[in-house]
Structure formats: C-alpha cells, structure tokens
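Shown next, in structure tokens, is the structure this report addresses.
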Amino acid sequence: MAKQANLYSFPSVKDNLAPALRAYVISCQEAGLARHGVFKVAVSGGSLPKTLAQALLAPPSGPNDEVKWDKWEIFFADERAVPLDHQDSNYFLLKQELLDKLPAGTGQPTVHPIDTEYLDDTQELADQYEQALVRSFASRDSVKLPIFDLLLLGCGPDGHTCSLFPGHELLRETSAWVAPIEDSPKPPPKRVTLTLPVVTHAVRIAFVATGGGKKEIMKQIFEEGAGLPCALVNEGAGERASWFVDNDAVEGVSYPRRPFSL
Ligand SMILES: O=C(O)[C@H](O)[C@@H](O)[C@H](O)[C@H](O)COP(=O)(O)O
C-alpha cells in the first residue's frame, strides 16, 4: 500500500512548528539545487506567509541552515485577480510578510507574480501564468507537467487548498496547469490557481494549518477524505505530502502523528 501523508503536530507555532518547517524547506531547497541548480517553489496566501516568515527569517543555526534566497524561484499556488498592491493580493501579502523583510545584503529571489495586464480576463490571466511556468520549467525538457521542488499550501476551513474548492468543477481539470475561477466561495471571487495534477505532481507538498478553528475540517480530511481538495492532494501525493500543524488544529483527530525528522 502506498505510504500516507505525514502529519507533524507541534505544541507551539513559533517555538516548534516554525523551526521544523524551516528545516524541511531547507532540505527541499538543497534537493532542488542538487537536481537543477535552482529551487522552484510555489506559495499560497492566507496565514501561510506569516508562518513562513517566522520560519525563514530566523537566524541560521549553523552552516547547513542557510536559506539561499538568490537560488529561489517563487511562484504563486493561487492568486486573486487584483492589482499587485491590492490588499487582497497574495503577492502583496508575501511581499509584506516576507520579501520586504529579507535581511540587507541577502541575494534576492526571482518572484513570478501574475501579469496584471490581464486582470479583466481571468482565462487569459491563467494562460499567461501558465506560459510563465512553461518558460521556467520547459527549458529543461519537454514537460507534460511542471515539477515544483516544493509547494507551500494552506488549508481552508472547508477543506480547500490553493483556489481548489470542494465540489467545484475545477477539481476535474486534467490538462491545464493554471486555471481561472470566477466563483470562488472565499472572496474575492476571481482568481487563478494551480490545478490538482500540478499540485500532486510536485516533489514535496507542505501544508501549514494552525489553530483550533481547523479541528473539524482536519477530522474530515484525515478521517473521512470525502473528496475534499486537501484530501485529494493527500491521496495523490501520499508520503510526498507533509502537514505542519499545531496541536490545537488536530485535537481529537484519529490519524497517526509522526515525530518530525527529515
Ligand atoms: O488565496 C487564498 O485564499 C489562499 O491561497 C488559500 O488557499 C488559503 O491558503 C487558505 O484559504 C487557507 O487560509 P488560512 O491559512 O488563512 O486559513
């Protein structure tokens, strides 16, 4: 039987979860650099950028604990169809929480925001973002799907991830890499998102979910599955998916926790 998603649960976000997430991201970074000299990562919005900042802005604990920002290529796992300086923009959020806080003298990552010229046409916005992925990934070989070194994702209270919502027709998308959505139940309604095949094809997928508000949906994801987008990622990715959660988020959830190790 295929191995299942890893569930790592920590008492404190700042003191335990963030350092473990940092170690995990750095190990994915090193694997990406060994494979192709860059680290290709996609990130979501929501509470993730803040937790990521806690993890990645901490001072290095030793020579093997270095975030090599200049080798990072950052994409957005999903993005809202708004200008890049809009408070709903995931790019703006990541910039505020993390990118603007990189220590002076640090090499800068290459960041791939959406092309806001196409905000009025979400299909074109998605197609243009897909082309950005094609340019970045297809230089290596003729890829059928991009293979991200790491996806850093959140989990919504309804079990959505990226902008893949429960029961939405987008979950059946099999060919596009990036798809538009105009009826997102979480505002704002117009967005673009990586599709499920791209998400499950990544080398590693890390979910971050914290707080007691996630308890009920975590039960559904880990005990029932029920076709929820987060559960579909777990099923598709198996042990390549790892959940970094605090104890509050998984209180009462029947699923084996793993002690965190790389
Ligand atoms: O653009 C978005 O809306 C996010 O990318 C979305 O997928 C988010 O990650 C989840 O809704 C979890 O959000 P929280 O971490 O805030 O619960």
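The values are calculated or read from the model by the stated rules, or taken from the named source; none is laboratory data. This structure is a prediction, so every number in the text was calculated from the model and none was measured. We place every Cβ from the backbone using ideal geometry, glycine too, and count neighbours over all the protein chains shown. These area figures cover heavy atoms from the full protein model, side chains too; ligands, DNA and RNA do not enter into them. Shrake-Rupley method; radii C 1.70, N 1.55, O 1.52, S 1.80 Å.
The value for region 58-200 of Rg(Cα) / (2.2 N^0.38 Å) is 1.10. Rg and Dmax over the alpha-carbon atoms of region 126-201 stand at 12.7, 38 Å.
How much accessible area per residue does the chain have, in Å², with a 1.4 Å probe? Spell out each step's value before the answer.
Working: 11620 Å² over 262 residues.
Spelled out: the 1.4 Å probe surface of the chain, per residue, equals 44 Å².
First compute the accessible area of the chain with a 1.4 Å probe, then give the percent of it belonging to carbon and sulfur atoms. Walk me through the numbers before you get to the answer.
On the way: 5660 of 11620 Å².
On the chain, the fraction of accessible area on carbon and sulfur atoms equals 49 percent.
Between Asn247 and Asn64, the modelled label-to-label distance comes to 2.9 nm, taking each label 7 Å out from Cα in the direction of the beta carbon.
Placing unit charges on the Cβ atoms only, positive for Lys and Arg and negative for Asp and Glu, gives the chain a dipole magnitude near 900 debye about its Cα centre. With each label modelled as a point 7 angstrom along the Cα→C-beta vector, the Ser136-Glu223 pair spans 3.8 nm.
Quick one: Debye curve from the alpha-carbon atoms of region 160-217 only, equal weights, vacuum; give me log10 I(q)/I(0) at q = 0.23 Å⁻¹ to two decimals. Values returned for q = 0.23 Å⁻¹ are -1.01. Calculated mean residue ellipticity, 222 nm, the chain: -8000 deg cm²/dmol, from DSSP H runs (n ≥ 4) at -39500 (n - 2.57) each, averaged per residue and rounded to 500. Positive-end ranking of Ser184, Ala23, Leu153 along the dipole of the chain, with charges on Cβ about the Cα centre, is headed by Ala23.
Which of the GluC sites (Glu not before Pro) found in region 12-81 are in a DSSP loop and have at most 13 neighbouring Cβ atoms, other than their own, within 10 Å? Sparse-neighbourhood loop GluC sites (Glu not before Pro): Glu66. The count of lysine pairs in the chain with alpha-carbon distances below 14 Å, taking only pairs 8 or more places apart or on different chains, stands at 5.
Shown for the chain are the DSSP H helices of 18 Å or more along their axis, judged by Cα atoms, with a mean Kyte-Doolittle hydropathy of at least 0.0: 18-36. Here region 189-262 is treated as a sphere whose radius is the Kirkwood value from Cα pairs; by Stokes-Einstein at 37 °C and 0.692 mPa s it diffuses with a coefficient of 248 µm²/s. Around the Cα centre of region 91-145, unit charges on the Cβ atoms of Lys, Arg, Asp and Glu (plus for the first two, minus for the last two) sum to a dipole of about 440 debye.
Using heavy atoms of the protein chains and a probe of 1.4 Å, the accessible area assigned to Val43 is about 10 Å². Stretching Tyr255 away from Thr106 to a fully extended chain increases their span by 49.6 nm, per 0.36 nm per residue minus the current alpha-carbon distance.
Expressed in Å, the radius of gyration and Dmax of the Cα atoms of region 10-68 are 11.9, 36.
Taken over the alpha carbons of region 54-98 as equal point scatterers, the Debye sum produces base-10 log I(q)/I(0) values at 0.23, 0.29, 0.32 Å⁻¹ of -0.88, -1.08, -1.17.
Using only alpha carbons, region 1-135 has a radius of gyration to Kirkwood radius ratio (Rg to Rh) of 0.99.
Principal semi-axes of the equivalent ellipsoid, √(5λ) from the alpha carbon gyration tensor of the chain, are 25, 23, 18 Å from largest down.
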